[in-house]
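This report concerns only the one structure given below.
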Amino acid sequence: QKEVEQDPGPLSVPEGAIVSLNCTYSNSAFQYFMWYRQYSRKGPELLMYTYSSGNKEDGRFTAQVDKSSKYISLFIRDSQPSDSATYLCASYTGFQKLVFGTGTRLLVSP
Amino acid sequence: ETGVTQTPRHLVMGMTNKKSLKCEQHLGHNAMYWYKQSAKKPLELMFVYSLEERVENNSVPSRFSPECPNSSHLFLHLHTLQPEDSALYLCASSPEPGGYEKLFFGSGTQLSVL
């Protein structure tokens with residue numbers, strides 16, 4: 001079983017839609033959770049970072065962690081074509097290496 | 001120049017060639033990393049350096065040889081690679097080792113081994 005699992009997509013939505021991207025994880029010791037955005041032919045860039053359970057909001061982006069179900073979500077409101085990218089979730093315990101999911105490809109059509 | 005810069009952006013090499021990937025960070029960070037990104041696989045951590053000292057080596061084959069001459073520069077020397085080594089190689093840096101909440105990536109080198 002992979003430590004962090006993501007649906008590879010692609011997920012196709014029209015401009016303006018609310019997007020929900022999700023990951024599950026297996027290691028109950030994970031305390032830190034990240035979402036990275038990776039454009040084609042670029043390296044990943046950190047979008048959101050949360051510690052433990054709860055929600056964190058930054059502009060159109062909301063990250064949500066539910067440790068009881070080991071579920072990580074990223075919501076994008078009013079999605080734009082410029083949001084088209086691959087989104088990677090990642091987690092770590094605080095002492096070991098960062099573990100990534102395989103990424104979900106998002107396509108936002110005008 | 002700002003951030004993390006990687007050269008070359010693309011590299012095609014035969015299995016008998018020797019080549020090197022270069023990474024430079026302009027963020028004043030103390031830790032640098034090499035990651036491998038293959039299609040449909042999670043990013044794999046290859047090496048971690050802290051202040052020019054290798055602190056982690058994740059069972060990477062010896063045909064990959066890292067070098068960190070100072071805290072701003074990182075190299076990955078490649079020799080006698082296999083076709084399955086074709087991937088995007090990403091360099092990253094953070095203020096301290098394990099400081100993943102401030103992990104910055106370069107744009108990567110897309111490597112093709114023929």
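Quick note: the coordinates plus some simple rules give every number you see, no bench work behind them. On a predicted model such as this, the values are computed, not experimentally measured, just so you know. No Cβ is skipped: glycine too gets one built from the backbone with ideal geometry, and neighbour counts run over all protein chains shown.
With R₀ set to 22 Å, the beta-carbon distance separating A:TYR39 from B:SER38 gives a calculated FRET efficiency near 0.75. You can think of it this way: the chain between B:HIS73 and B:GLU101 has 8.0 nm of extra reach, that is 0.36 nm per residue less the Cα-Cα gap.
For the stretch B:8-114, relative contact order (Cα pairs under 8 Å, six or more residues apart, normalised by length) works out to 37 percent.
With both labels modelled 7 Å from their Cα along Cα-to-Cβ, the A:ARG105 to A:SER52 distance reads 3.9 nm.
When A:MET48, A:MET34 are arranged by Cβ crowding within 10 Å, least crowded first, meaning fewest neighbours, the order is A:MET48, A:MET34.
Mean separation of Cα pairs under 8 Å and 6 or more residues apart, divided by the residue count, gives the stretch A:18-102 a relative contact order of 37 percent.
Think of the stretch A:15-110 as a dipole: +1 on every Lys or Arg Cβ, -1 on every Asp or Glu Cβ, centred on the Cα centre; then among A:GLY43, A:GLY59, A:LEU74, A:GLY43 lies furthest on the positive end.
Only alpha carbons enter this Debye calculation for chain B, each as an equal point scatterer, and the log10 of I(q)/I(0) it gives at q = 0.18 Å⁻¹ is -0.84. Note on chain A: the C-alpha convex hull projects to 6.6 nm² when averaged across all orientations.
Of all lysines in the structure, those lying under 18 Å Cα to Cα from A:LYS2, and not within fewer than 8 positions of it along the same chain, are A:LYS67, A:LYS70, A:LYS97, B:LYS36, B:LYS40, B:LYS41. Measuring r between the beta carbons of B:LYS22 and A:ASN27 and using R0 = 30 Å, the FRET efficiency lands at 0.30.
Trypsin sites (Lys or Arg not before Pro) within the stretch B:34-101: which are DSSP loop residues with at most 15 other Cβ atoms inside 10 Å?
B:LYS40, B:ARG63
Under Stokes-Einstein, with the Kirkwood radius over Cα pairs as Rh, the value for the protein assembly as shown at 4 °C and 1.567 mPa s is 72 µm²/s. Ignoring the sites themselves, what is the longest stretch of chain A with no GluC sites (Glu not before Pro) in a DSSP loop and at most 16 other beta-carbon atoms within 10 Å? Looking at chain A, A:16-110 is the longest stretch - no exposed GluC sites (Glu not before Pro) with at most 16 other Cβ atoms within 10 Å.
Overall, chain B carries a charge dipole of about 440 debye about its Cα centre when +1 sits on the Cβ of Lys and Arg and -1 on the Cβ of Asp and Glu, all other atoms neutral.
Using 0.36 nm times the number of residues separating A:ASP7 and A:THR93, minus their current alpha carbon distance, what extension gain do you get?
Stretched fully, the A:ASP7-A:THR93 segment lengthens by 28.7 nm.
For the stretch A:17-55 versus the stretch B:36-75, the inter-centroid distance based on Cα atoms is 23 Å.
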